[in-house]
Amino acid sequence: MKSLNGQELADFIKERQARQVRGLIQHDQIKPKLAIIQTVDNSVVNTYVGLKKTYGADILIDVDVYKIPQSMALNQIKKLNNDPTVHGIIVQLPIENPDEVDEILNTIAPTKDVDGLGKDAIFDPATPTAINWLLTGYDIDLKQKIAIVGNGRLVGKPLARMWRNSGLDVVVLDSKTEDMPDKLRSADIIVTATGVPGLIKSNDIKTGAVVVDAGTADAHGEVVGDVAPDVRSRTDVMITPKQGGVGPLTVAALMDNVIRAARGTIVLVQ
């Protein structure tokens with residue numbers, strides 16, 4: 001297996017971000033702060049919230065987590081929108097009642113919507129940005145046939161829009177797609193983000209393909225992706241590792257948006 005190691009790239013980005021945050025603190029007296037609204041308590045959600053807290057601490061960004069019932073989310077977001085010390089707000093998905101996700105996300109002020117998921121978002125979504133960084137960092141030519149598996153809010157939909165706007169050849173596959181294995185086998189680049197463990201099998205992937213596994217699911221307390229274990233034993237594909245692929249870069253992309261949001265407050269004050 002040839003590895004697309006996102007952790008190595010994230011470490012370089014983190015060094016740059018740490019310098020930027022120190023500059024904001026020392027020269028502008030601004031301490032960037034991210035607020036996370038968490039309404040679901042499980043191993044996957046807790047893992048990703050923990051990664052964000054640790055990463056923030058490493059580069060001196062404060063990360064406050066609000067573990068609250070979903071019924072309190074709107075009021076909490078409104079308070080955070082009006083708090084000048086908070087520069088970024090995210091809602092850790094999934095939430096208890098998915099029917100309310102649009103209302104909740106759209107309540108976040110666009111200048112603080114650092115996940116880029118609201119209807120008026122001004123920041124690029126973190127995971128699609130991370131996938132771009134990862135493939136660019138490994139000099140992967142995107143002008144090939146791309147298959148995105150999953151059309152979700154966090155990855156599939158915004159990534160497909162981003163790449164299509166750049167004129168790339170992208171097909172989006174989901175549970176309703178007929179002949180999915182054939183379509184996968186014709187793809188040069190596969191990005192999967194469904195949260196279905198083991199969905200992508202070895203015989204779905206052609207020789208020389210690049211595979212980005214951005215899926216996350218809780219399998220008996222362990223965070224797993226969409227790609228079956230047998231894929232990782234192949235030496236003729238390039239793939240993200242089980243850990244340290246898209247995840248670290250997603251957190252890095254999120255923190256980049258927090259830094260940009262904090263810098264924006266300087267402009268507003270001036």
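Details
- Selection from the stretch 164-203 of residues that are assigned to a helix (DSSP H, G or I) and over 24 Å from Arg234 (Cα atoms): Arg164, Asn165
- Residues (touching a residue at least 60 places away in the same chain (Cβ under 8 Å) and not in a loop (DSSP other than H, G, I, E, B)) located in the stretch 139-157: Val149
- Near pairs, Cβ below 6 angstrom, 6+ apart or cross-chain, from the stretch 43-70 (of a type in the set (Gly, Ala, Ser)) to any residue that is assigned to a loop (DSSP other than H, G, I, E, B): Ser43/Gly221
- Taken over the stretch 77-106, residues that are in a helix (DSSP H, G or I), within 19 Å of Leu254 (Cβ to Cβ) and open to solvent by 30 Å² or more (accessible area, probe 1.4 Å) amount to 2.
- Filter result for Leu249 (aliphatic (A, V, I, L, M) and within 29 Å of Phe12 (Cα to Cα)): yes
- Pair list, Cβ < 8 Å and 6+ apart or interchain, from the stretch 81-104 residues that are farther than 27 Å from Thr194 by Cβ to residues that are open to solvent by 70 Å² or more (accessible area, probe 1.4 Å): Thr85/Lys31
- Flag if Pro248 is open to solvent by less than 30 Å² (accessible area, probe 1.4 Å) and either assigned to a helix (DSSP H, G or I) or modelled with pLDDT of 95 or more (or both): yes
- Test: residue in the stretch 15-36 that is within 26 Å of Asp213 (Cα to Cα) and β-branched (Val, Ile, Thr): yes
- Exactly one residue among Thr39, Thr54 is closer than 20 Å to Asp113 by Cβ and modelled with pLDDT of 95 or more, and that residue is Thr39.
- The stretch 107-116 - residue that is out of contact with any His (no Cβ under 9 Å at 6 or more places or on another chain) and of a type in the set (A, V, I, L, M) and, of those, surrounded by the most Cβ atoms within 10 Å (Cβ to Cβ): Ile108
- Of all residues in the stretch 37-60, those being in contact with a helix residue (DSSP H, G or I) (Cβ under 6 Å, 6 or more places away or on another chain) and within 19 Å of Ala252 (Cβ to Cβ) number 5.
- Among the numbered conditions (1) surrounded by fewer than 20 Cβ atoms within 10 Å (Cβ to Cβ); (2) in contact with a Leu (Cβ under 6 Å, 6 or more places away or on another chain); (3) within 26 Å of Thr47 (Cβ to Cβ), the only one that Leu142 does not meet is (3).
- You will find that of Lys242, Lys206, the residue that is within 20 Å of Leu142 (Cα to Cα) and either open to solvent by 10 Å² or more (accessible area, probe 1.4 Å) or outside any loop (DSSP other than H, G, I, E, B) (or both) is Lys206 and no other.
- With respect to the conditions (1) closer than 24 Å to Ala10 by Cα; (2) outside any helix (DSSP H, G or I); (3) not β-branched (Val, Ile, Thr), Ala160 falls short on a single one, namely (2).
- Test: residue in the stretch 63-70 that is part of a helix (DSSP H, G or I) and surrounded by 14 or more Cβ atoms within 10 Å (Cβ to Cβ): yes
- In the stretch 111-123, the residues that are within 17 Å of Asn82 (Cα to Cα) and at pLDDT 95 or above form Cβ pairs under 8 Å with partners that are in a loop (DSSP other than H, G, I, E, B) and not aliphatic (A, V, I, L, M), at six or more places apart or across chains, as follows: Lys112/His87; Asp113/Asp120; Asp113/Phe123; Val114/His87; Val114/Phe123.
- Some residue of the stretch 159-171 being closer than 17 Å to Val231 by Cβ, open to solvent by less than 10 Å² (accessible area, probe 1.4 Å) and among the aliphatic types (A, V, I, L, M): no
The values are calculated or read from the model by the stated rules, or taken from the named source; none is laboratory data. On a predicted model such as this, the values are computed, not experimentally measured, just so you know. With ideal geometry, Cβ positions are generated from the backbone for all residues, glycine too; neighbour counts draw on all protein chains shown. Keep in mind that these areas ignore ligands, DNA and RNA; they rest on the heavy atoms of the full protein, side chains included. Shrake-Rupley method; radii C 1.70, N 1.55, O 1.52, S 1.80 Å.
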